[in-house]
Ligand SMILES: Cc1cc2nc3c(=O)[nH]c(=O)nc-3n(C[C@H](O)[C@H](O)[C@H](O)COP(=O)(O)OP(=O)(O)OC[C@H]3O[C@@H](n4cnc5c(N)ncnc54)[C@H](O)[C@@H]3O)c2cc1C
């Protein structure tokens, strides 16, 4: 099936929110946390890459619409092609797949994202955060304040739902930043409190995912409480 680019908003250089629509009467059947695969031919080779859905099923109008959060990988092949797309351009796509979904029924959970690893958590929160949901904390690490994509949305959710905490942290803050600083690992202990009866979901590059997993194991977390998606 094909996906058509409808709109792209670049929130910072090389970081964008992209809106697509599945073509030819297709709609996406998926669970928040899953990814689509895009394929294109580059220099005579067929290249496929995975992209987590940043929107929730049934959240979009029309129903064939879906959203992605994309990063331009330095020296990357496919992401350069995506960032060159203009509204109206199409790309070959496969139906969503993936096991990185919220355990059902959800338990108190800590979501840890770096960079575009925020995408599956936006989808999960759109679908599952409500008055009756358990405690969700989103610890979100980026380098610069301008890279905090969807910040206003998460702040609005935190203001509306007392059981949702939004903790952004910057590794390269401007002097004007008064929030958390440093890598997500620095804030893990505070986010967990003394509680080990929490599920932890990790999404981003390998370095962060492996680093946090080893801290969690050291803190006595069982493998079954740790869910992760690595982008590289
Ligand atoms: C399940 C899954 C879901 C993914 N979801 C997303 C998503 O929602 N948004 C997204 O932008 N990417 C996502 N990715 C990464 C994506 O599939 C590509 O790897 C990425 O676009 C780079 O592809 P490329 O061909 O441009 O670069 P490549 O030539 O394949 O790789 C270049 C370098 O980029 C690094 N890299 C990979 N992903 C990123 C990234 N997101 N930011 C910075 N550097 C990166 C790799 O470590 C590699 O060193 C996901 C990957 C997986 C496996």
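The values are calculated or read from the model by the stated rules, or taken from the named source; none is laboratory data. Keep in mind it's a predicted model, so treat the numbers as computed, not measured. Heads up, the Cβs are rebuilt from the backbone with ideal geometry, glycines too, and the neighbour counts pull from every protein chain shown.
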Checklist entry - Restricting attention to the range 173-186, does a residue exist that is modelled with pLDDT under 95, outside the structural domain of residue 51 (by TED's automatic domain parsing) and more than 16 Å from the ligand (Cβ to nearest atom)? => result no
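Any chance you could count how many residues in the range 80-96 are within 19 Å of residue 23 (Cβ to Cβ) and either near the ligand (Cβ under 9 Å from one of its atoms) or under 16 Å from the mean Cα position of the chain (by Cα) (or both)?
Total meeting the criteria: 3.
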Next on the checklist: Let me confirm something: among 9, 19, which residue is over 21 Å from residue 94 (Cβ atoms), more than 13 Å from the ligand (Cβ to nearest atom), out of contact with any helix residue (DSSP H, G or I) (no Cβ under 9 Å at 6 or more places or on another chain) and not in a helix (DSSP H, G or I)?
Outcome noted: 9
Item to check | Subset of the range 46-79 [more than 6 Å from the ligand (Cβ to nearest atom), at pLDDT 95 or above and over 20 Å from residue 150 (Cα atoms)] | outcome: 46, 47, 48
Checklist entry - What are the residues in the range 196-230 that are out of contact with any strand residue (DSSP E or B) (no Cβ under 7 Å at 6 or more places or on another chain) and in a strand (DSSP E or B), if any? => result 230
Item to check | Subset of the range 94-151 that is part of a loop (DSSP other than H, G, I, E, B) and on the phi > 0 side of the Ramachandran plot - its residue that is surrounded by the fewest Cβ atoms within 10 Å (Cβ to Cβ) | outcome: 98
Item to check | Condition met for residue 100 (touching a strand residue (DSSP E or B) at 6+ places or on another chain (Cβ under 6 Å) and under 11 Å from residue 32 (Cβ atoms)) | outcome: yes
Checklist outcome for this item: Per the filter on the range 186-232, residues in contact with a helix residue (DSSP H, G or I) (Cβ under 7 Å, 6 or more places away or on another chain) and over 22 Å from residue 124 (Cα atoms) are 211, 215
